[in-house]
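Here's the structure, in structure tokens; my notes come after.
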Amino acid sequence: MEVVGKIIQVLPEQSGIGRNGNPWKVQPYVLETLDQYPRKVHFEVFGEDRIKMNPCAIDQLVTVSFDIESREFNGRWYTSIRAWKIQQGDVTQAAAGVQPAAAPQPAAAPQPAAAPAQPLDPMADVDPFDASVNDGTSDLPF
């Protein structure tokens with residue numbers, strides 16, 4: 001999933017040692033969407049290498065690609081949004097400003113044969129409201 005917005009807070013980095021003895025780091029951020037009714041989204045970048053690859057600053061426009069995961073602990077559910085890629089700048093608006101290359105025009109369709117000189121319907125040129133056309137064979141009252 002992706003969300004586009006502006007970084008409004010860079011929270012303190014958290015770190016620790018896992019059960020297996022390996023160190024870990026998490027950098028949390030708060031982003032505000034650019035929608036008509038802006039929403040705030042708290043997300044985290046997990047891992048020292050990802051934190052270094054995806055630096056963010058306050059008031060910076062970003063597109064965040066993330067995964068959502070929920071887990072249960074002692075009967076309560078906790079949801080985390082973990083970013084796996086952060087692109088600097090508003091990628092969707094930048095893409096909207098770029099004009100796509102002109103699509104190639106399809107080859108002209110072959111033209112049908114010329115229309116016959118005589119209309120196929122012999123009554124096509126007859127005015128249906130002309131009383132002189134009625135030859136008496138019609139069962140219509142007019």
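Going by C-beta contacts inside 10 Å, put Met53, Met1 in order with the fewest on the left.
Placing the least packed residue first, the sequence is Met1, Met53.
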Determine, at each q value in 0.17, 0.23 (inverse angstroms), the log₁₀ of I(q)/I(0) that the Debye formula gives when each Cα of region 2-93 is one equal point scatterer. -0.75, -1.20
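No lab work stands behind these numbers, since they all come straight from the coordinates. Keep in mind the model is a prediction, meaning the values are calculated, not measured. Cβ coordinates were reconstructed from backbone atoms using ideal geometry, including for glycine residues, and neighbour counts include every protein chain displayed.
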